[in-house]
Structures are given as structure tokens and as C-alpha cells.
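Let me begin by presenting the structure, written as C-alpha cells, before commenting on it.
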Amino acid sequence: MRAASREASTASAVSWPWLAVLLAAGLAVRLAGLTERGLWLDEWVSLQVAARPLADIAAGRVFDNHTPPLYYLLLHLWLAVAPHTVAGLRALSVIADLGCLALLARAVGSWFGRREGLLAGAAYALSPFAVRLSQEGRMYTLLMLLVVLAGVLAVEVETRPQRRWPAVALAGVAAAALYTHYYAALSLLALHLVMAWRLRRAPRRRRRWWWAMCAAALLFLPWLPKVVELMASGGQYFRGAGLLEIPHALLRFTVGYSRLPVTVAAKLHLWATVLAHLPLLVALVLASGTALMLGAWRVVGGSAVRPPAASPAGPPPAGPSPAAAPRRAAVAAPLVLALAALPPLVALAVSAAVPSLDERYLAVSFPFFLVLLVLGLTARGLRPLRTATAAVLCALWLAGIAAQVAEPAAGATPWRPATSELRRAASPGARIVVSPATYARLVRWTVGERFEVERAADLPAPDLGGDLRETWLLEVAYLGHDRGRLERRGWRATLRWQRADGNGIRLYRLAPAGSPPSPSREETRPAAQAAGAAASGRR
């Protein structure tokens, strides 16, 4: 009986050779440009938190409680054996993402058919959004892996009532997801609403489901005071985009970050940017919206459930294999729809009171967004519409992954070029002031002991008879607002270098307002060389 059940559960799953091809393709595009981008603020936070003792991380005695501690605990253990480099930091995300790819392809194949599993695996393997997240030293790929695993176990709880291990495993996975990111709670809410309704007339399975959910909640209870403290803090003021985050998430889910990259000009002139790229955005919304609606209609209408294939003449096969696949599809289909749609909607409502909405956080819905797209594109009927939609989506998808491989740093705030320019232009021992103050520790960690780094807000008025060290201002263009304050204190800021990618960075040379402009180290070299040559000629 057990062998027959295992055969039923894997009959339609993606085969291991095909899975190896998907994993090889996924690994290749994730390793391409893995270290092209320098560390950004959140990755630096990952390193700093993971460097603390395990007890401090687990107890929340660190400076980043915007995310729970599980990823940092794993990163602490990972960096005990991996090199402390950009590649070493991001390799953990790559491993988690490949695990999510394998699990998603196998699960979708066993739920809806081998064709759907292969398409979902291929879409995820070549997803520019998933590739970008896998190239960041953050917890988002681990979060997607755990949420997909929770969905798989939820299906097992209903379809294998004779076994207890799916409920036990679900309790542990759900708790692990909650300890990875707070948005996992939205996915678990979606799971619970669907499963509580489906199991309302199955007492034994309902008890097991409620036991698993309550056990997960109890395991998360020690961290609950941190959640209350975070909610009371008013959220993240810079996450106040509201409704605009939903179409922005749709854009990034489809084309990633290297197509239509974020720039300071795009943030300051949003509607002008939208109008400039209106044809592309309209094509994206229409194609994605059509595929999602077809997928949702397939789920609601029940056509995601395939009837069992007709048996050949002879006795029926032993075990539950004839009806196993349709039963799993009947359970999985509403779960996929709820896991794709409910987290963004609930997050949007919560963010109206406590700003906390970001397209990276919505990664909890991304794997199921892909599955809905696949279900829509493989639905029956409306073949011309499905063909046109698939053509547009494939073109956008391939353009996105090509741009991601060719320009993996596009749209990222240019920290590495900025610090390289700083090392080139500033003299050793120069004073570097940073605006906003949040980034001062990142700059200090990046440039090492070569310069003295401090917050721009702490820089006093110039003292012509005192400290006249070479002084520079490194300002994040979209977020920094200290240059005006420094000029009112008596400093003159001369722009030396700027880049507009991401939040943008500007590098200014500071000097007292009444003094002549001070040349940078690079500007003094030609004059010194010319003077040396003239002296040699006179000799």
C-alpha cells in the first residue's frame, strides 16, 4: 500500500534528469555576476548580526529586529565554514534558492502534471526576480523555500490522513518560516483559511491541522514581544508607497531589477517615468493580468483538477493511485490561489496603518504567482489568447534574465564605485562624513581604517584656526538631506562625483566657505609632476 501511494505521488512529478537540467540552468544564471554588485546596507546588516554570538542573535540582542533571527543563526553557522567574502555571504542564498526550485518543480508536477511542473521549474530557474534575490545576502530565498515546503506539507496533511508526520513537520516548518520573516504569517494565514474550510467535515484531519498551527504559534511565542515592540515603533517610514507597491511588485516579479532599473530620477519623477515606458508597462500588465486571471479561473472552475486516465483492460491497480493526482490537485489549487493573492492584499491593508510593504517582502507570494501563470497558460480553450499572452510573457521574461546576467548591478545603489572613487580622490586620513547617518557604519566597514568616517550631522562648523583636515561628504542622493545644513554651518560643498543608480550617491569635497577651493589629491598630482619636470629642466 505504501509503495503504491509513493508511486501515485510521484507518477506525474518532474523526473530527476529533467530536474538536474533545471538545477544546472538555475545554478549557472545565479553564479553569473554573483559578486558584481558591492554589499548594500541590508547585506552589511546581515554580516554584522551574524557575527554576534548565537545566544545574542537568538535572544534578539542585536540591532535588527525588523526580521526574526533564524536566517542570521544559519548565516552565523554557514560563515564558520564559508569564506567571509561577498561570494561566501551570498552562496547561502543561492543554495536555498536552488532548493526552492527543486521543491517547486516536483510539487507542481505531482499536483497538476509533469508539463506544469517543468514549466514552473523553468520559469523559476530563469526568473530575473528569483536570480536577483539569490544574489543577495538576505533571507528571502530561505523564506520562499519554507513557504513552498509549508504548502507541500499542507497538501500532505489532507491527502495522507493515515500519517502523522506531515502535521508534525508542518508545525516545525511553519515556526521556522515565522522565525525567518514576519511576512510568513500572511502565507500561514492563507494556508489556514483554506485548510480550515476544507477540513471542516473531517474531524481527525481537522484536529491534526489545528494541532500543527497551534504548535507553530507556541514555538513562535518567545519572539512575540519583539513583534509588539516593532509594531509600536510605527513601522518603516520609507515603506509608505502603498498601492504603488503592488504594480511595482508585478513589474519586478516579471522583468526583475535590471530592466527599467530604479534610479533617483525615476523616484523623483515617477509619472514621467511611467509615461516614458507606457507601452512596455501596458504589455506587462495585460499579459500578466490575463495569465493570472486564466489561472485563477482554472482554479475556481475546478479545471485544474485532471480526471484520472482511463485504465487499460484488466484488474484495477492496487492502492489509491487512480484518484491520487486529482485529489492532490483539488487540495493544491485553492492553496496556490490563496498563497498568491492573500499575502499582498493583507500586507497592503496592514501597511496603511504600519508602513511595511515592499516587493522583496512579497517574495512569500512569488512562487505561487509563477504557478498561477503556468496554470493560466496551460488552461484549456482560448488558445489564441493564451498563445499571445505566452509570447509576450516569454519575451519580457527572457529580456529580464538577459539584462540580469549582462548587468547584475543595474538599479543597485553604487556603493562599490563610490568607495573606489573615494579611495582614488581622497588622501589617507581624510575625514569622510556620511549622509544619512544610517549608512555611516557601512562606509566605515567598506573603507576600513584608511579614512575617518563619521555622521554628517555630527560635523561642526569649520574652525579656520583649528582642525582643517581634508573633508569629504558622501551623500545618498535620494535620502540624504545634510548638505544644506552643512552649508548653513559655513561649509562649501563642491560636487566631485555622482551616480544616479538606485538611491544615487554624490561625493562632495567640503571646505570652509571663505577659503579658496581645495584641489583633490588627483588634481594636485599633475601640478606636482609639472613642477618636478620644470625643476629638472633648470638643473
For this session: Evaluate the range 414-429: report whether one residue or more is of a type in the set (Asp, Glu) and more than 29 Å from the chain's Cα centre (by Cα).
Result: no
Problem set entry | Qualifying residue in the range 71-83 (condition: assigned to a loop (DSSP other than H, G, I, E, B), within 29 Å of Leu221 (Cα to Cα) and touching a residue at least 24 places away in the same chain (Cβ under 8 Å)) | yes
Problem set entry | Residue list for the range 431-458, restricted to those being surrounded by 20 or more Cβ atoms within 10 Å (Cβ to Cβ) and part of a loop (DSSP other than H, G, I, E, B) | Phe451
Problem set entry | Residue identified as within 30 Å of Ala28 (Cα to Cα), assigned by TED's automatic domain parsing to the domain that holds Arg450 and touching a Leu at 6+ places or on another chain (Cβ under 9 Å) among Thr438, Thr419 | Thr419
Exercise. Outside any helix (DSSP H, G or I), under 27 Å from Tyr182 (Cβ atoms) and of a type in the set (A, V, I, L, M, F, W, C): does that describe Ala96?
Worked result: no
Exercise. Hydrophobic (A, V, I, L, M, F, W, C), part of a helix (DSSP H, G or I) and modelled with pLDDT under 90, is that true of Trp297?
Worked result: no
Problem set entry | Those residues of the range 246-273 which are part of a loop (DSSP other than H, G, I, E, B) and among the small types (Gly, Ala, Ser), in sequence order | Gly256, Ser258
Seminar exercise, completed: The lone condition Ser520 fails out of (1) buried (at least 16 other Cβ atoms within 10 Å of the Cβ); (2) at pLDDT 70 or above; (3) under 23 Å from Pro428 (Cα atoms) is (2)
For this session: Tell me, yes or no, whether the range 98-120 has at least one residue that is assigned by TED's automatic domain parsing to the domain that holds Leu188, without any contact (Cβ under 8 Å) to a residue 40 or more places away in the chain and out of contact with any Leu (no Cβ under 8 Å at 6 or more places or on another chain).
Result: no
Seminar exercise, completed: Over the range 367-391, the set of residues within 21 Å of Ala125 (Cβ to Cβ) and surrounded by fewer than 17 Cβ atoms within 10 Å (Cβ to Cβ) is Ala391
For this session: Would you be able to say whether some residue in the range 87-95 is surrounded by fewer than 23 Cβ atoms within 10 Å (Cβ to Cβ), closer than 21 Å to Val152 by Cβ and modelled with pLDDT of 95 or more?
Result: yes
For this session: Using the structure shown, decide if Gly490 is under 17 Å from Arg469 (Cα atoms) and either over 36 Å from the mean Cα position of the chain (by Cα) or at pLDDT 70 or above (or both).
Result: yes
For this session: Tell me which residues, restricted to the range 414-430, are touching a residue at least 40 places away in the same chain (Cβ under 8 Å) and assigned to a helix (DSSP H, G or I).
Result: Trp415, Arg416, Pro417, Ala418, Thr419, Glu421, Leu422, Arg424, Ala425
Exercise. Does Gly33 satisfy the criteria of being assigned to a loop (DSSP other than H, G, I, E, B), at positive phi and in contact with a helix residue (DSSP H, G or I) (Cβ under 8 Å, 6 or more places away or on another chain)?
Worked result: yes
For this session: Run Ser15 past the list (1) at pLDDT below 95; (2) closer than 15 Å to Arg138 by Cα and report the number of the one that doesn't hold.
Result: (2)
Exercise. Would you say Ala212 is over 24 Å from the mean Cα position of the chain (by Cα), farther than 16 Å from Ala333 by Cα and aliphatic (A, V, I, L, M)?
Worked result: yes
For this session: Only one of these is at pLDDT 90 or above and assigned by TED's automatic domain parsing to the domain that holds Ala107: Leu27, Leu41. Name it.
Result: Leu27
For this session: Select from the range 465-478 the residues that are touching a strand residue (DSSP E or B) at 6+ places or on another chain (Cβ under 8 Å) and farther than 20 Å from Gly429 by Cα and write down the one among them that is modelled with the lowest pLDDT.
Result: Ala477
Exercise. Hey, any hits in the range 98-115 for a residue that's modelled with pLDDT under 95, more than 21 Å from the chain's Cα centre (by Cα) and surrounded by fewer than 18 Cβ atoms within 10 Å (Cβ to Cβ)?
Worked result: yes
Exercise. Counting only residues that are among the hydroxyl-bearing types (Ser, Thr, Tyr) and under 17 Å from Val331 (Cβ atoms), how many does the range 101-125 have?
Worked result: 1
Problem set entry | Residues that are part of a loop (DSSP other than H, G, I, E, B) and in contact with a Phe, Trp or Tyr (Cβ under 6 Å, 6 or more places away or on another chain), drawn from the range 485-504 | Asn503, Gly504
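The values are calculated or read from the model by the stated rules, or taken from the named source; none is laboratory data. The shown structure was predicted, so the numbers you read here are calculated from the model rather than taken from an experiment. Cβ: placed from backbone, ideal geometry, glycine included. Neighbour counts: every protein chain shown.
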